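Enquirer: Take this structure, written in structure tokens, and hold onto it; I'll ask about it next.
The values are calculated or read from the model by the stated rules, or taken from the named source; none is laboratory data. Please read these numbers as outputs of a predicted model, since none were measured by experiment. No Cβ is skipped: glycine too gets one built from the backbone with ideal geometry, and neighbour counts run over all protein chains shown.
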Amino acid sequence: MTVEVTLRQASAGATKVTFLPWCDGRAGGKVSEARAVRSANRKRDKPEGVTQTLKGADWQTLAFEMDNVKCPDGFELEFAGAADATIEVKSVCFKRSSYGGWWSHDSTLPAGRVWRAIAEVGNMAPLFINGREVPSASGMAVRPSFTFQGGEMFDCEALDVAALLKPGANAVALHSVRQGSAPYVYFSLTVVMESGEVLRVQSDGSWKFLGTLPLAAGPQVSAAGFADHEWTAAKGQQGATLNYKHATARPAYAGLITLENPQEPALFFKDRTLVELSVHLPPGLATPSLT
């Protein structure tokens, strides 16, 4: 967050101006995400702030960068200069940068039926495929999530999207907006056709980006053939490590063989009984028997 204060002084000397943000009704200085640190900051006799220098008698706008401030509810201005100096404040403006928009990618599937399609998507971005929003694996639309506690916003879940894909052109779109810093947007799709052919789509520089359309534009943006001539090449960088906090969110093997336990959903077996597995292959690779 940036705080711009427009002010002037009666003298031509130099005055140190310190901006002290408040949190929960007390001057808290630079408030970090950590609860313990935030509590310690509030108890300081001299909380940390950001200082700029006011020079001369003309109107000036001083900018205070407060990158570590979390939800301030007030502020103080502390002046250190000549005795009996007169300071006049004209305006105070709070600015917070917003980063994000739409990322989209078009791909083409061959003729034939999709046998299996698993998409892995990060929690910071709603996912749209061919004009439809894809809910969470639990059936609820929990994305986007920016909950820092427990690293939830860095979670990634695996979704079955086979029913949304079709032969020919397919479009995928992700939307995310984050205050203060760039969002973490991740997508990986593995498609296995019944013939055994495998296709993969990964979020990378081949995607396109547009930052002006709202989330409500999802059905249009994710439709195959959407006019994207105003979009620019997506820029990405390595982000946080994927966090598969829940066992149900961990990606299953997205290859040509799947194994199932006919007795229960999980691959758990008693150590005193024979292990029985159901083995599934794409029909194009199936054989009469396995050894």
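Enquirer: Does Ser206 satisfy the condition of being crowded, with 16+ Cβ neighbours inside 10 Å and either under 25 Å from the mean Cα position of the chain (by Cα) or at pLDDT 85 or above (or both)?
Expert: On the way: crowded, with 16+ Cβ neighbours inside 10 Å: no; either under 25 Å from the mean Cα position of the chain (by Cα) or at pLDDT 85 or above (or both): yes.
Considered against the rule, which asks whether it is crowded, with 16+ Cβ neighbours inside 10 Å and either under 25 Å from the mean Cα position of the chain (by Cα) or at pLDDT 85 or above (or both), Ser206 comes out as no.
Enquirer: Only residues that are at pLDDT below 80, assigned to a loop (DSSP other than H, G, I, E, B), among the hydrophobic types (A, V, I, L, M, F, W, C) and closer than 18 Å to His175 by Cα: list them for the stretch 144-161, please.
Expert: Our first condition is that a residue be at pLDDT below 80; within the stretch 144-161, this holds for 144-156.
Subsequent filtering for residues that are assigned to a loop (DSSP other than H, G, I, E, B) retains 144-148.
Next, from what is left, pick out any that are among the hydrophobic types (A, V, I, L, M, F, W, C): 146, 148.
Selection gives Phe146 alone.
Enquirer: Within the stretch 40-58, track down each residue that is at pLDDT below 90 and of a type in the set (D, E, K, R).
Expert: Arg42, Lys43, Arg44, Asp45, Lys46, Glu48
Results for (1) buried (at least 18 other Cβ atoms within 10 Å of the Cβ); (2) in contact with a strand residue (DSSP E or B) (Cβ under 8 Å, 6 or more places away or on another chain), shown as yes or no for each residue.
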site	(1), (2)
Phe154	yes, yes
Ala163	no, no
Lys166	no, yes
Ala169	no, yes
Ala173	yes, yes
Gln179	no, yes
Tyr184	yes, yes
Glu194	no, yes
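Enquirer: Would you say Glu78 is of a type outside the set (Val, Ile, Thr), outside the structural domain of Asn170 (by TED's automatic domain parsing) and either part of a strand (DSSP E or B) or surrounded by fewer than 11 Cβ atoms within 10 Å (Cβ to Cβ) (or both)?
Expert: On the way: of a type outside the set (Val, Ile, Thr): yes; outside the structural domain of Asn170 (by TED's automatic domain parsing): yes; either part of a strand (DSSP E or B) or surrounded by fewer than 11 Cβ atoms within 10 Å (Cβ to Cβ) (or both): yes.
Taking the combined requirement at face value, the residue satisfies it.
Enquirer: Could you count how many residues in the stretch 162-186 are of a type outside the set (S, T, N, Q) and modelled with pLDDT of 90 or more? Even if it seems obvious, please write down each step before you answer.
Expert: So the first thing to find is which residues in the stretch 162-186 are of a type outside the set (S, T, N, Q), and the list is 162-169, 171-175, 177-178, 180, 182-186.
Now narrow it down to the ones that are modelled with pLDDT of 90 or more: 162-169, 171-175.
Adding up the residues that qualify gives 13.
Enquirer: Go through the stretch 257-268 residue by residue and tally those that are modelled with pLDDT under 80 and either surrounded by 11 or more Cβ atoms within 10 Å (Cβ to Cβ) or in the same structural domain as Leu159 (by TED's automatic domain parsing) (or both).
Expert: Qualifying residue count for the region: 0.
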